[in-house]
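S.K.: Quick one: structure below, then a few questions.
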There are 2 protein chains.
Amino acid sequence: MRVLIIGGSAAGAKAASKVRRLDEHAEITIIQKGRYLSMASCGYPYYIGGVFDDRNMLISTPAGDQRDSSFFSNVKNIKALVGTEAVRIDRAEKTVTARHRESGRESILMYDKLVLATGADPIFPELPGKKLEGVATLQSMEDAEYLKKVVVERQADNAVIIGGGLIGIETCEALGLGGVKITIVEKEDQILPFLDWEMAKLAENHLAGKGVKILTNAAAAEIVGDGGKVAGVRTAAGETIPCELVVVSIGVRPNGRLAKEAGLRVGARGGILVNRFMQTEDSDIYAAGDCVEVTNLVTHARQPWPMGDAANLQGRVVAQNVVFGNIEEYEGFVGTGICKVFGCTVGGTGLSEKMARAEGYSNIITSTHAAPDKPGFMGAQPLVIKMIADRTTGRFLGMQAVGLGDVAKRLAMAAMALHGRLSIADMVNLDLPYAPPFSPAIDNFVQAVHVIENKWRGMMDGVSCVEVKQKLDDKADVFLLDVRGPEEYAKERLGAGEVLIPLGQLRSKTDLLPKDKAKEIIAFCKISLRGYEAACFLRSMGYTNVRVMEGGLMAWPYPRLK
Amino acid sequence: MRVLIIGGSAAGAKAASKVRRLDEHAEITIIQKGRYLSMASCGYPYYIGGVFDDRNMLISTPAGDQRDSSFFSNVKNIKALVGTEAVRIDRAEKTVTARHRESGRESILMYDKLVLATGADPIFPELPGKKLEGVATLQSMEDAEYLKKVVVERQADNAVIIGGGLIGIETCEALGLGGVKITIVEKEDQILPFLDWEMAKLAENHLAGKGVKILTNAAAAEIVGDGGKVAGVRTAAGETIPCELVVVSIGVRPNGRLAKEAGLRVGARGGILVNRFMQTEDSDIYAAGDCVEVTNLVTHARQPWPMGDAANLQGRVVAQNVVFGNIEEYEGFVGTGICKVFGCTVGGTGLSEKMARAEGYSNIITSTHAAPDKPGFMGAQPLVIKMIADRTTGRFLGMQAVGLGDVAKRLAMAAMALHGRLSIADMVNLDLPYAPPFSPAIDNFVQAVHVIENKWRGMMDGVSCVEVKQKLDDKADVFLLDVRGPEEYAKERLGAGEVLIPLGQLRSKTDLLPKDKAKEIIAFCKISLRGYEAACFLRSMGYTNVRVMEGGLMAWPYPRLK
């Protein structure tokens, strides 16, 4: 059996290796446009940032062998044609025409099964100045090498990153670790679009605290040059940001060209369409990785999901189906993303509130929860979690988390919950690995479940920081109640006209509360656990309009007085 | 409504606080035998070990307030009677007789709803010498203070810990961090009984590497004294281990005495029996925490589950049911435990192989998987995972993990899988939070799922290190094939007669392989990924009896030549 694989990065290399494990006698050939194979491309930012300096680590096995053509040949008996581009698929003849990029020589390769792993291309806007020296993307090994050189040789003191998505933020981490001053230009009103605005804002605040300048609602209009080199970025608003480096990271587009030219269907967003077995409508052609559209298991939409882990998993699925017929399904993804930036971890899975509303969920319930991620005596770090559930069924729909604490563990749990289609009720009493080095006695994830359950049952009426800020801006008639201690108040405070009554004094100082029992009261503390206790008390006093500002000061994304 | 709560540690204190949040007008009283309330008892080892020295951190809120009687009174309007013992429940009269321990004064407290949170007592064997000075347990705040003093004042250079369960190992961490030399005496053939033998052995090896002496299959026969103080422990085998401190940690027993005397049913293992609402057969009496028996969701057995997180969750459930009638269920636990000891994390959830067999599962499938927990360039740490599934249905039954890497995240995922009753097939393509700081592109958890899936489908025939060792001991006719590189081989090797053929040379060096195609071949490498590739190749060569030593050298629990 001849298995031909176009693309040798994540999905392609994985498919090739797995086919070999399943069929020693298959003739396996990879056609790879670039010079490298099986690159750990998610590691580029850490290479650029100097977490490590040996580029070969990006193409090494855990045992330290370099995954180059001779490795694939010797160890796996896989022929890898690097620097070679697939130019045409002939489905009737079952051949692919390949062109060696340097020599231009073409050859025709036959296949019994063809795997398309053609990846995605960075989207590059039609900006004046896009050809200037110093304009880059971060997609290929060559990009990584270029940016590494810029950082090491200190060719740029200032960089502008156009686009604040996952790759933009990882680029920010990379260049920032390398000592470059960064401005992010983002056309939306927030970075990290898979997060809700206020969660993204917490990440923005962290970045700003590390010296990164973030311009939201800002479009790049021109890359300004000087002597053929980048000198700055001019925004649509007319501001020019001086810089010597521009990295464009506004997203990627599935590379479905070959497939399309061969008459295979691609989806609305350009990705190759496949069934649950990652098979195209041509039963001898499979596709995997950034070039396909797959099912979002939460929304059931088919969309590109250009993630390294998904590409590897799909490659493994394809290999099994190529060898044995369609025995393995790739059901889809739940939409999990994470990144670490200057010590802060940010991630999400499933639907954000914004996405849920866009998907037509009109009866959702959310909770925002802030808390230390382990006991104080174990060196706790803060963690803010936002959860989304369907109010009717209680089905868990998604979670986002931001903080210096262990975000990855809680996101992994949330992803498991989505895969298992769990409801809030299923997660109220989770039996998790608890010991003080790892979590509070009730893990933050479960605490967040408890908050959403309390709200669901009407035991707590929550209000988001965003809504509170809106009320303040609208000069709404609301009594803001801070129930922390005076020492905490002296250190940091909202400064929005709130009244301080420490929780322990609340029962004895009811004279400080509004006379009007119908007056809207919003209680909070640092994380709003005490705020919640205060609200419970106030309700028992007959106040009919008491709410808790969810997540307290820790989740407040706006400037504070102190 | 009068709510009376007996016990003010985890479940009791949580129930009290939650009742207050739900009902401002309830009269809430806690009867607490000891002096302290709401202690973070899982933190004792870290206090003793000097991770922190301020004892008050164990009884402080995240905001730094001490949870003492006046805190409960002022902040929560809860009356907490400390140093007070409940001596009798009169169910007909709905009263509890309480005795102040110092004064001996008795009082009678009335209740509408009673919550039993009487905890568990350490089991103390009838050993000669048990009353000597220097014999301790680690259960109460007083115990923690005593051990802290011993460590700080260097009263003991050597300690013997009797019992190598979770608490024994945490005590080991505590005393070890404090500079005490430790011997663990364990009557079973392994420490940490919730793990399978070979996984526990990996933890034992780690402890031994840190200077801890572990005697398994060893019973303590006598605590030897000198002038009223501990001088050593004599084992049943006749060995005397000199020491100045003995900590007994052979387990705890639910404290169901009061309930039993009041005519309430207790289970076979001494825990109070409750329904899914944590309600005893007396509808006005609830129970929670270490004193109850609850449902193991995997085995459906009812058993004590004396864990701090479960106690807190149960306390929350009880409070809701006390206030609103039975609106919240505690369905049960899946059996998750974790501890950290000298940098190594060890844990399990669900069934071990041993437990599964004891439960009557005769058709299970296991996988042992070893791998770095993130890319090498991000500072990976090793992680060994063992998974158990039912072969017939594919249902996931449990997981254990040991290593310097992030065990907690993978265990949390496994616990979610058990709560969601997921099968192996459900977890082959999980969409997890992947970025290089957090995991390999395919997370170790999913890798382990892939191994078990490969075995399940007959694509891989695995053999455990234990089985391999047995074969070696039996001088079985087996060809052991190490497929690592020569440099790795020079550094560390099994030394059991294995033949080294690096994977990359295997296809060209088939002459080094056995002539007999039916000969049993066991392939391995460091983690047995290359071992698996070698096995695939050998099978394709017509060898009919090829197996992979699961987890490779990293999971090998026995001494090696090098």
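S.K.: Applying the selection to region B:529-552, what residues are in contact with a strand residue (DSSP E or B) (Cβ under 7 Å, 6 or more places away or on another chain) and within 17 Å of A:THR61 (Cα to Cα)?
M.R.: Scanning region B:529-552 gives B:GLY531, B:TYR532, B:ALA534, B:GLY551, B:GLY552.
S.K.: Also, I was wondering about something else. Out of (1) touching a Phe, Trp or Tyr at 6+ places or on another chain (Cβ under 8 Å); (2) over 22 Å from A:GLU27 (Cβ atoms); (3) within 14 Å of chain A (Cβ to nearest Cβ), what's the single condition that is false for B:PRO514?
M.R.: The one condition B:PRO514 does not meet is (3).
S.K.: Does at least one position in region B:465-483 carry a residue that is under 27 Å from B:GLN381 (Cα atoms), within 12 Å of chain A (Cβ to nearest Cβ) and touching a strand residue (DSSP E or B) at 6+ places or on another chain (Cβ under 9 Å)?
M.R.: Yes; the residues of region B:465-483 include at least one that is under 27 Å from B:GLN381 (Cα atoms), within 12 Å of chain A (Cβ to nearest Cβ) and touching a strand residue (DSSP E or B) at 6+ places or on another chain (Cβ under 9 Å).
S.K.: Among the residues of region B:369-403, write down those that are closer than 21 Å to A:LEU411 by Cα and touching a strand residue (DSSP E or B) at 6+ places or on another chain (Cβ under 7 Å).
M.R.: Those that are closer than 21 Å to A:LEU411 by Cα and touching a strand residue (DSSP E or B) at 6+ places or on another chain (Cβ under 7 Å): B:PRO372, B:ASP373, B:ALA380, B:GLN381, B:LEU383, B:ILE385, B:PHE396, B:GLY398, B:MET399, B:GLN400, B:ALA401.
S.K.: If the Cβ limit is 7 Å and pairs must be 6+ apart or interchain, which residue in region B:134-163 that is over 14 Å from B:GLY50 (Cα atoms) pairs with which residue that is surrounded by fewer than 23 Cβ atoms within 10 Å (Cβ to Cβ) and of a type in the set (Asp, Glu)?
M.R.: Every condition considered, the pairs that remain are B:GLY134/B:GLU244; B:ALA136/B:ASP143; B:THR137/B:ASP143; B:GLN155/B:GLU244; B:ALA156/B:GLU244; B:ASP157/B:GLU244; B:ASN158/B:GLU244.
S.K.: If I filter region A:1-15 down to residues being within 14 Å of chain B (Cβ to nearest Cβ) and over 18 Å from A:MET141 (Cβ atoms), which single residue comes out as surrounded by the most Cβ atoms within 10 Å (Cβ to Cβ)?
M.R.: Restricting to residues being within 14 Å of chain B (Cβ to nearest Cβ) and over 18 Å from A:MET141 (Cβ atoms), the top hit is A:ALA15.
S.K.: I've got another one for you. Is it the case that A:VAL402 is hydrophobic (A, V, I, L, M, F, W, C), touching a residue at least 24 places away in the same chain (Cβ under 8 Å), farther than 16 Å from A:SER367 by Cβ and buried (at least 24 other Cβ atoms within 10 Å of the Cβ)?
M.R.: No: the conditions fail for A:VAL402.
S.K.: Can you tell me which residue in region B:240-265 is surrounded by the fewest Cβ atoms within 10 Å (Cβ to Cβ), limited to those that are over 29 Å from the mean Cα position of the chain (by Cα) and assigned to a loop (DSSP other than H, G, I, E, B)?
M.R.: Among residues in region B:240-265 that are over 29 Å from the mean Cα position of the chain (by Cα) and assigned to a loop (DSSP other than H, G, I, E, B), the one surrounded by the fewest Cβ atoms within 10 Å (Cβ to Cβ) is B:GLY263.
S.K.: Can I ask one more? Tell me, which residue of region A:91-130 that is in contact (Cβ under 8 Å) with a residue 40 or more places away in the chain and of a type in the set (Ser, Thr, Tyr) is nearest to A:THR29 (Cα to Cα)?
M.R.: Among them, the one singled out is A:TYR111.
S.K.: Name the residue that is farthest from A:LEU561 (Cα to Cα), counting only residues in region A:473-495 that are of a type in the set (A, V, I, L, M) and surrounded by 17 or more Cβ atoms within 10 Å (Cβ to Cβ).
M.R.: My answer is A:VAL478.
S.K.: Where in region A:59-105 are there strands (runs of 3 or more DSSP E), lying fully within it, with 3 or more residues that are within 35 Å of the chain's Cα centre (by Cα)?
M.R.: The qualifying strands (runs of 3 or more DSSP E) are A:79-81, A:84-90.
S.K.: For region A:320-428, list the strands (runs of 3 or more DSSP E) that sit wholly inside it and hold at least 2 residues that are away from chain B (no Cβ under 13 Å); which are they?
M.R.: Answer list for region A:320-428: A:364-372, A:382-390, A:396-403.
S.K.: Which pairs turn up if I take residues in region A:455-475 that are over 15 Å from A:MET199 (Cα atoms) and look for partners that are assigned to a loop (DSSP other than H, G, I, E, B) with beta carbon separation below 6 Å, at least 6 apart in sequence or on another chain?
M.R.: So the pair list comes out as A:GLY462/A:GLU550; A:LEU472/A:ALA496.
S.K.: Suppose we keep only residues that are acidic (Asp, Glu) and within 11 Å of chain A (Cβ to nearest Cβ) within region B:23-50. Which one would you say is surrounded by the most Cβ atoms within 10 Å (Cβ to Cβ)?
M.R.: Filtering region B:23-50 for residues that are acidic (Asp, Glu) and within 11 Å of chain A (Cβ to nearest Cβ), the one surrounded by the most Cβ atoms within 10 Å (Cβ to Cβ) comes out as B:ASP23.
S.K.: For B:THR299, work out the one condition from (1) within 28 Å of B:GLY360 (Cβ to Cβ); (2) buried (at least 17 other Cβ atoms within 10 Å of the Cβ); (3) within 14 Å of chain A (Cβ to nearest Cβ); (4) touching a strand residue (DSSP E or B) at 6+ places or on another chain (Cβ under 8 Å) it doesn't fulfil.
M.R.: Of the numbered conditions (1) within 28 Å of B:GLY360 (Cβ to Cβ); (2) buried (at least 17 other Cβ atoms within 10 Å of the Cβ); (3) within 14 Å of chain A (Cβ to nearest Cβ); (4) touching a strand residue (DSSP E or B) at 6+ places or on another chain (Cβ under 8 Å), the odd one out for B:THR299 is (4).
S.K.: Sort out which residues of region B:309-319 are facing chain A (nearest Cβ under 7 Å) and either at pLDDT below 95 or touching a Gly at 6+ places or on another chain (Cβ under 8 Å) (or both), and write them in order of number.
M.R.: B:ALA310
S.K.: Suppose we filter region B:361-399 for residues that are within 21 Å of the chain's Cα centre (by Cα), touching a residue at least 60 places away in the same chain (Cβ under 8 Å) and over 24 Å from A:GLY64 (Cα atoms); how many remain?
M.R.: 7
S.K.: Among (1) touching a residue at least 40 places away in the same chain (Cβ under 8 Å); (2) of a type in the set (D, E, K, R); (3) more than 25 Å from B:PHE396 (Cβ to Cβ), there is one condition B:GLU329 misses while meeting the rest; what is its number?
M.R.: (3)
S.K.: Would you check if there is a residue in region B:433-440 being surrounded by 20 or more Cβ atoms within 10 Å (Cβ to Cβ), touching a helix residue (DSSP H, G or I) at 6+ places or on another chain (Cβ under 7 Å), within 11 Å of another protein chain (Cβ to nearest Cβ) and under 21 Å from B:TYR532 (Cα atoms)?
M.R.: Scanning region B:433-440, I find no residue that is surrounded by 20 or more Cβ atoms within 10 Å (Cβ to Cβ), touching a helix residue (DSSP H, G or I) at 6+ places or on another chain (Cβ under 7 Å), within 11 Å of another protein chain (Cβ to nearest Cβ) and under 21 Å from B:TYR532 (Cα atoms), so the answer is no.
S.K.: To continue, here is another question. Among the residues of region A:340-360, are any without any contact (Cβ under 8 Å) to a residue 40 or more places away in the chain, buried (at least 19 other Cβ atoms within 10 Å of the Cβ) and among the charged types (D, E, K, R)?
M.R.: No; the residues of region A:340-360 include none that is without any contact (Cβ under 8 Å) to a residue 40 or more places away in the chain, buried (at least 19 other Cβ atoms within 10 Å of the Cβ) and among the charged types (D, E, K, R).
S.K.: Could you list all residues from region B:54-110 that are closer than 30 Å to B:ASP282 by Cα, of a type outside the set (Ser, Thr, Tyr) and within 14 Å of chain A (Cβ to nearest Cβ)?
M.R.: Once the filter is applied, which keeps residues that are closer than 30 Å to B:ASP282 by Cα, of a type outside the set (Ser, Thr, Tyr) and within 14 Å of chain A (Cβ to nearest Cβ), region B:54-110 yields B:PHE72, B:LYS76, B:ASN77, B:ILE78, B:LYS79.
S.K.: Now for a different question. Look at A:LYS409 and say whether it is more than 23 Å from the chain's Cα centre (by Cα) and either among the basic types (Lys, Arg) or under 22 Å from B:GLY332 (Cβ atoms) (or both).
M.R.: no
S.K.: To continue, here is another question. For residues in region B:517-545 being assigned to a strand (DSSP E or B) and more than 35 Å from the chain's Cα centre (by Cα), which is farthest from the other protein chains (Cβ to nearest Cβ)?
M.R.: Out of the qualifying residues, it is B:GLU520.
S.K.: Do any residues in region B:425-442 that are touching a residue at least 60 places away in the same chain (Cβ under 8 Å) have Cβ atoms under 7 Å from those of residues that are of a type in the set (Phe, Trp, Tyr) and not in a loop (DSSP other than H, G, I, E, B), where the two are at least six apart or on different chains, and which pairs are they?
M.R.: B:PRO436/A:TYR46
S.K.: Got a sec? Which of A:ALA98, A:ALA120 is closer than 22 Å to A:GLY308 by Cα and buried (at least 17 other Cβ atoms within 10 Å of the Cβ)?
M.R.: Matching residue, one of A:ALA98, A:ALA120: A:ALA120.
S.K.: Something else now. In region B:24-43, what residues are at pLDDT 95 or above, not polar (S, T, N, Q) and not in a loop (DSSP other than H, G, I, E, B)?
M.R.: Of everything in region B:24-43, those that are at pLDDT 95 or above, not polar (S, T, N, Q) and not in a loop (DSSP other than H, G, I, E, B) turn out to be B:GLU27, B:ILE28, B:ILE30, B:ILE31.
S.K.: So, A:GLU126, is that one in a strand (DSSP E or B), of a type outside the set (A, V, I, L, M, F, W, C) and within 33 Å of the chain's Cα centre (by Cα) or not?
M.R.: no
The values are calculated or read from the model by the stated rules, or taken from the named source; none is laboratory data. Owing to the predicted nature of the structure, the values given are computational and were not obtained by experimental measurement. All Cβ positions, glycine included, derive from the backbone under ideal geometry; neighbour counts span all protein chains shown.
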